[in-house]
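Notes follow the structure.
All of the numbers you see were taken from the coordinates with simple rules; none came from a lab. Quantities reported herein were computed from a predicted structural model and do not represent experimental measurements. Counting neighbours? That spans all protein chains shown, and the Cβs are built from the backbone with ideal geometry, glycine included.
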Amino acid sequence: MIKRVRLLPFDYAIRNLGRSPKRLALVVGGSMLVSLLVLGAVAFARGMDRALSSSGLETNALLIGSGSEESVERSEIPPTTAGVLAASIDGLELVAGVPAVSPEIQVALPVVAEGAAPAQESAQDAAPAIVRGFQSEAFLVHPQVRLIAGRWPDRGADEIAAAPGALERLPGTAIGSRVLIAGVPFEIVGVFDAPGTTMHGEFWMRLERVAQLTQRTTHSYVVAALGGADFDDIDAFASSRLDLETVAMRESDYYARLSDFFAPIRLLVIVTAILISSGGVLGGINAMYAAFSSRVREVGTLQALGFSRAAIAISLIVESTVACVAGALAACLAATLALDGVAIHFSMGSFGLHVDAPAIAAALAAGILLGIVGALPAIVRCLSLPIPSALRS
C-alpha cells in the first residue's frame, strides 16, 4: 500500500516569503533578470525569423545575378532583363494591363541626418542603411508595402521615402527633413510601412536616381508576380538566356536561404544570453541558500512534528519557485511593454523583436527552472543533518 505524504500547507510557503523582504527582492530581481535575458534572446530569434519569412512571397519569382543567390546587394543584372522577361513569359500577373515585373536596385549606403553628424565624422563614414531603387511596378509585387504619410518620391528628384525603422536610426527626422545619403542631400517626402518584414527599415528612392547616385549601369534583381505563369517557365528562361547571366528562384526560397545564413547569429545570441544569465542563476542560488540555511532549526522542528523530508523539500521548492515565477512574470510584463517591436538593424534592413507566446513560455520556464535549481543546494544542506543536530543549530 502506497503511503501518502503529508504536505505542509501551501500558505506556509507563501507566508515565509515575507520573512525577509530584502532577500525576496533579491530573488525576484535575479529571476526577472534571467527571464528577461532568455525572453529577449528568443524574441530576437523569433523576430528575425518572422521578418525574413514575411518578406518573401511564394507567388513571386526572383531573377538574380548568377553567383549572388545569397546576397542581392552583390547581384548585378542587365537593365533590360525586366522587359525581356515580361515579353517572354506568358501568364505573368497583369494589373490594369501592366505586367507585375519590378526591376530594383538594393544597396547599402551611408545615411546620416543633415547637420546631425559630428564635425569629425563625414557623411561617408555614417552607418550604412538599405536603400532600394524602385519603379511604380514595385507596388504590384510588394503588397506588404503601404504609404502611411506624405507621398512617394518624384522621378528625377532628390527625394526619398522612409520606413519607420529607417527613421528610428536618425532621431529627429520626419517628412520634410533632409538626410545625406552617400554625401548627397535628399528630402524625406513620405513614410511607408511594411510591418513584419525587412523592408520596415529601408529607404526607397526612384530607380534611376539610385543608379545615378551609385554610378552603376546595372540593376540588382527583378521581381515578378507569377499570376498564372509557372515558375518552371521562368527557371527555363533564366537557364536559356545565358547572355543575361541570371538565376531564377522563388522570393520565399531566397529569404529562407537568408534565414539559414543568419542561423548562427541567432544561436550566438541565445547562447550569450544563457551565459550571461548564468550569473543571475548563481546569485539566485546563493540567495536561496542563505535564506534556507538559516532555517535549519525550523526544518528540524518540522521533522520532529512528523513532517517527512519529502514534504519539507516540496514546501521549500514551492517557496522558491513562487518567488522566481513572480520575477519571470515581471520580466514578461516589462518585455511586452518595452521590448515588443523594438527595431534591430542588420545588413538586410531591420526587424522588430517579437514577444509572442513561445518567448513568454521560455521566460516562464526559465523562472520555474531557476526556482527548482536554486532551492536544491539549500534543501540538501537543511535536510542532511540529523534531527537532534538540526534542533541544536
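Observations on the structure shown:
- Calculated on the Cα set of segment 78-244, radius of gyration then Dmax: 17.2, 56 Å.
- Estimated D of segment 149-190 in µm² per second, where Rh is the Kirkwood radius over Cα pairs and Stokes-Einstein applies at 25 °C, 0.890 mPa s: 236 µm²/s
- The mean sequence separation of alpha-carbon pairs under 8 Å and at least six residues apart, normalised by the residue count of the chain, gives a relative contact order of 31 percent.
- Theoretical ellipticity at 222 nm over the chain - DSSP helices of four or more residues, -39500 (n - 2.57) apiece, nearest 500: -16000 deg cm²/dmol
- Within segment 1-96, GluC sites (Glu not before Pro) in DSSP loop having at most 11 other beta-carbon neighbours inside 10 Å: GLU58
- For the Cα trace of segment 217-329, dividing Rg by the Kirkwood Rh returns an Rg/Rh value of 1.47.
- Cα-Cα separations in segment 229-284 greater than 14 Å, expressed as whole percent: 71 percent
- For the chain: span of alpha carbons on each principal axis (Å, largest first): 92, 58, 33
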